[in-house]
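The values are calculated or read from the model by the stated rules, or taken from the named source; none is laboratory data. Since the model is a prediction, treat every value here as computed from it, not as a measurement. Virtual Cβ from ideal backbone geometry, glycine too; neighbours counted across all protein chains shown. Ligands, DNA and RNA are stripped out before the accessible areas are found, and what is left, the full protein with its side chains, is counted by its heavy atoms. Shrake-Rupley method; radii C 1.70, N 1.55, O 1.52, S 1.80 Å.
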Amino acid sequence: MILLRIEGLTRHFGDQAVLDGVTASLRAGSRVALVGPNGVGKTTLLKTVAGELEPERGFVECHDGAGVGFLRQHAELAESRSVWDEARSALEKWYRLVEEAEQLAQTMSAIDEGTQRDQLAQAYDRIHEELLRHNAYHLDHRVERVLHGLRIPQSIWQQACGDLSGGEQRRLMLAQLLLAEHQLLLLDEPTNHLDLEACQWLENYLVQS
C-alpha cells in the first residue's frame, strides 16, 4: 500500500529553490532517512508533507485515514501539565475506552439477567475486542517503557512540562509521538538531545513498530 505520494514538489525561499520538483513515494512499513547538510530543505520537505507549508507547485497525497505525526524542532507542550500526564495524553482515546469498559462491567454486575444486561454485555464485548486488537490494556506500562527508553528519568515525571530543559521537552514530544502510533511518522532531527543508549533504543523501537 502506498502511504504517501509526493509529486513535483517545488518551493522557493527568495530566489533560491529549496525544493525543486521533488517526487517520491512511501509504502506502509517503510523507514526512510533524509540525510544532508543544513539548509538543503529537509525541514521544509517535512513541513510540507505535514501540511504546515503549502507547495508552490506539485502536491502531497496521503492514504485516506493515515494519521500523520510530526516531531517539530521546537517544543509545543502544555506547560502546566506534568510530564506523566503529557505523555499519557497520547493514549487518551484508549484510557477513555478502558474506563468505559470498566463502567459497563460495574453496571452489569448490578443488573439481573434481562434485555438491558444483554445490551450492556454486547457493548462491553465490542469495546473489549477493540482494546485487545490494539493491545490497549496495560497502558501505563506502555508509557513507562517509552519514557524509560528515551531516558526521561522517573524523578521528573511529576514535574510541570514548563520546568523542563529544552532537551527534556524535546524528548517528551518524541515520547508522545511514539505512543500515539501514527501511521506516518515524520521525525525532524529526532536524535538531538538523545545519548547513545537512547538512540539505540529509538532505532530498535522504530524497526519493531
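Can you tell me which residue among L174, L185 is touching a helix residue (DSSP H, G or I) at 6+ places or on another chain (Cβ under 7 Å), open to solvent by less than 60 Å² (accessible area, probe 1.4 Å) and aliphatic (A, V, I, L, M)? Spell out how you get there, then give the answer.
Details: L174 fails: touching a helix residue (DSSP H, G or I) at 6+ places or on another chain (Cβ under 7 Å).
Just one listed residue meets the conditions, L185.
All but one of (1) assigned to a loop (DSSP other than H, G, I, E, B); (2) out of contact with any Asp or Glu (no Cβ under 8 Å at 6 or more places or on another chain); (3) open to solvent by less than 30 Å² (accessible area, probe 1.4 Å) hold for Q158, so report the exception by its number.
Going through (1) assigned to a loop (DSSP other than H, G, I, E, B); (2) out of contact with any Asp or Glu (no Cβ under 8 Å at 6 or more places or on another chain); (3) open to solvent by less than 30 Å² (accessible area, probe 1.4 Å) one by one, Q158 breaks only (3).
If you check every pair at least six apart or on different chains, which have Cβ atoms under 7 Å apart with a residue in the stretch 163-179 that is in contact (Cβ under 8 Å) with a residue 24 or more places away in the chain and hydrophobic (A, V, I, L, M, F, W, C) first and a residue that is in a helix (DSSP H, G or I) and open to solvent by 20 Å² or more (accessible area, probe 1.4 Å) second?
Cβ pairs passing all conditions: L178/Y205; L179/A90; L179/R142.
Taking into account only those residues within the stretch 12-53 that are exposed (fewer than 11 other Cβ atoms within 10 Å of the Cβ) and either among the aliphatic types (A, V, I, L, M) or touching a His at 6+ places or on another chain (Cβ under 7 Å) (or both), which is farthest from Q208 (Cα to Cα)?
The residue in question is V35.
Name the residue, out of L131, L147, that is out of contact with any His (no Cβ under 6 Å at 6 or more places or on another chain), assigned to a helix (DSSP H, G or I) and either modelled with pLDDT under 95 or surrounded by fewer than 18 Cβ atoms within 10 Å (Cβ to Cβ) (or both). Steps first, please.
Numbers: L147 fails: either modelled with pLDDT under 95 or surrounded by fewer than 18 Cβ atoms within 10 Å (Cβ to Cβ) (or both).
Selected residue: L131, the only one of L131, L147 that is out of contact with any His (no Cβ under 6 Å at 6 or more places or on another chain), assigned to a helix (DSSP H, G or I) and either modelled with pLDDT under 95 or surrounded by fewer than 18 Cβ atoms within 10 Å (Cβ to Cβ) (or both).
Only one of these is at pLDDT 90 or above and either closer than 28 Å to E144 by Cα or open to solvent by less than 30 Å² (accessible area, probe 1.4 Å) (or both): E56, E100. Name it. So that I can check it myself, show each step before the final result.
On the way: E56 fails: either closer than 28 Å to E144 by Cα or open to solvent by less than 30 Å² (accessible area, probe 1.4 Å) (or both).
So the residue among E56, E100 that is at pLDDT 90 or above and either closer than 28 Å to E144 by Cα or open to solvent by less than 30 Å² (accessible area, probe 1.4 Å) (or both) is E100.
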